[in-house]
Amino acid sequence: MEVKNKIIDAVKIAVESAVKDEVLKSSEKIFPEIILEVPPKKEFGDFSTNFAMQSAKIFRTSPKKIAEIIREKISADFIEKIEIAGAGFMNFYLKSDVIYQELKNIYDDVENFGQLPAKNNPPIQIEYVSANPTGLLHVGHGRGAAAGSAMVNMLRAAGYTVESEYYINDAGNQMENLAKSVNARYLELLGREVEFPEDGYHAVDIIDTTKKIISEHGDKFLNLPEDERLKILMDLAYADKLSELKKDLSNFKVEIDNWFSERTLHPEKIDSAIKILRDKGEIYEKDGALWLNSTKYGDDKDRVVVRENGVPTYLAADIAYHKNKFDRNFGTLINLWGADHHGYIVRVKAAMTALGYDADKLKILLLQMVSLYRGGELVKMSKRTGESITLRELMEEVGTDAARYFFLMRSIDSQLDFDLDLAKKQSSENPVYYIQYAHARICSIFRQTAEVGLNLDGEIKFNLMNSNAEIDLINKIFEYPDEVEKSAIEFAPQRIARYAYDLAAQFHGFYRDCRILGVDEELAKARLALVKITAHTIKHALNLLGVSAPTSM
């Protein structure tokens, strides 16, 4: 908000003036960042900062004294008063006309509210989900899909350029096992007796894929040499699995900008990366294998990159893949991985450092596990298949909106207990229903006001709104740009989920206390304008989460 930046600038100027006049003394040239927060209660002002406490060591003065000096130095005609509270908080009270002017500014450009100015930063890449194309996505993948896509949305809203990517693990043992599994089902469904491969995939979706292949091609591959049949079935199964995977992600409101195939790394890009590391002396040979000297960069042991049989390891492909990422000149690379990949972080970063890249540009976020509960009992297996619950089944049971919101309402680094019964409830107990109902209620208000001819033409007198319910809702709306910024830089979609819920709660309180129809027309218009801003803000926040904003419920 413009007024918030004005307060920060006023404090900066006051500090600089105090230092210049030697009222505040310090040998430091860089001071703590001035951070403004909205106090929890209106009586504590419109904004508050703990700068005085943060800078006490630098100025070797008590926080209260620092706050008093800054207050004396501030000259700003939009501030009504500044109070010093507690250990040295500075509470700023704005003049009422400033608040209403800020609200008018939002209203005049309401369609862009929540979209922050473009940042002059290199593009960011976020890679997420990246599940093997050998089966259906499960609920763990769903949490990653919801989190990754929400992070993309939030960063873009905060003004960053972002590209999303899916790394398709379409090379190696998992693809060979897919081919063997489909081959076994193919022969079985066509009447041949066959022993299912020990490392095969037993899930029902393998049978589904095989039935599709038979439906389209019949038994034309039955009498081919096995190696030829395996190759054909691998390609057909891979195409089907990838198609189903993309379908589920699309239904889950996830759109990927770039699908990167691991196959494109074999063998040239992997060989090239390994050669560079060998030339740098970062890879050595032992027992017929090639080893990355990762202990040099903090790993607990060195890692094999090429086995003694000449076959590269998964790490070799990951090194080539991340080298490719760095070579694409992103400013920041973000990977969302499952928590079970924790030990993999050091070795990948070690390889990037060994290649000469800045490994600090690679940020790896770990997703903790999801546990599903129904009737208070832990749900481990699908009733239909006896396997893990798929994302597809979850969407069918609770809906896409509820699934996404429940995945996002907790920090990704905390384990999530997902209450299936709560997610399906159509009551205020269900947080996503509660938020969506606020938006639907606002749409109903506009239908009612249209019927009686009340519209927003002409001047809006925002200063007519001065009740606690009105001011609380206005202040909550003022917080939104900050929430967008913080959620983006902290990779924290749970902030937006919480904000949307709190804004809905403020609106429901406003709706209870502030009538629109049956009051003075000018006041009715002001309240209706506030409701319009609220509707946009709820919808914008839900859009960032990938959740719909229904017009009726």
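The values are calculated or read from the model by the stated rules, or taken from the named source; none is laboratory data. The structure presented is a predicted model; accordingly, all values stated were derived computationally and were not measured. Virtual Cβ from ideal backbone geometry, glycine too; neighbours counted across all protein chains shown. Remember, those area values only see protein heavy atoms, side chains included, never the ligands or the DNA or RNA. Shrake-Rupley method; radii C 1.70, N 1.55, O 1.52, S 1.80 Å.
Here are the numbers for this structure:
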{"item": "Among I389, G376, A402 - extreme Cα towards positive end, dipole of the stretch 373-444, charges at beta-carbon", "result": "A402"}
{"item": "From phi via Karplus (6.51, -1.76, 1.60), per-residue ³J(HN,Hα) for the stretch 4-9 in Hz, x at Gly/Pro", "result": "5, 4, 5, 5, 4, 4"}
{"item": "Accessible area in square angstrom per residue, the chain, 1.4 angstrom probe", "result": "48"}
{"item": "Dipole moment magnitude, nearest 20 debye, the chain about Cα centre, only Lys, Arg, Asp, Glu C-beta charged", "result": "820"}
{"item": "Protection-proxy order for peptides 401-414, 113-126, 512-525, 6-19, each taking the mean of Cβ atoms within 10 Å per residue, highest first", "result": "401-414, 6-19, 113-126, 512-525"}
{"item": "Computed [θ] at 222 nm, helices only, for the chain once each DSSP H run of length n ≥ 4 contributes -39500 (n - 2.57)", "result": "-16000 deg cm²/dmol"}
{"item": "Lysines with Cα under 16 Å of K65, excluding same-chain neighbours fewer than 8 positions away", "result": "K25, K57, K73"}
{"item": "The stretch 1-85 - percent of accessible surface contributed by carbon and sulfur, probe 1.4 Å", "result": "47"}
{"item": "Contour minus Cα-Cα distance for S552 and K280 (0.36 nm per residue)", "result": "91.6 nm"}
{"item": "Protein accessible area in the stretch 194-345, 1.4 Å probe - carbon and sulfur %", "result": "49"}
{"item": "Per-q log10 I(q)/I(0), the chain, q = 0.06 Å⁻¹ (Debye; single scatterer per alpha-carbon; no solvent)", "result": "-0.42"}
{"item": "The chain: antiparallel DSSP beta bridges as a percent of all, rounded to 5", "result": "50"}
{"item": "Partners for K119 among aspartates and glutamates (Cα-Cα distance below 18 Å; same-chain residues under 8 apart left out)", "result": "E2, E163, D482, E483, E485, E490"}
{"item": "Given charges at beta-carbon only (K, R positive; D, E negative), |dipole| of the stretch 334-445 in Debye", "result": "180"}
{"item": "Rounded to whole Hz, the Karplus (6.51, -1.76, 1.60) HN-Hα couplings of the stretch 297-306, x for glycine and proline", "result": "10, x, 6, 7, 7, 6, 10, 6, 10, 9"}
{"item": "When each of K6/K64; K461/K539; K220/K323; K246/K301 is checked by Cα-Cα distance, pairs over 31 Å", "result": "K220/K323; K246/K301"}
{"item": "Phi-based couplings in Hz for the stretch 496-505 (Karplus 6.51, -1.76, 1.60; Gly and Pro marked x)", "result": "5, 4, 5, 4, 4, 5, 5, 5, 4, 5"}
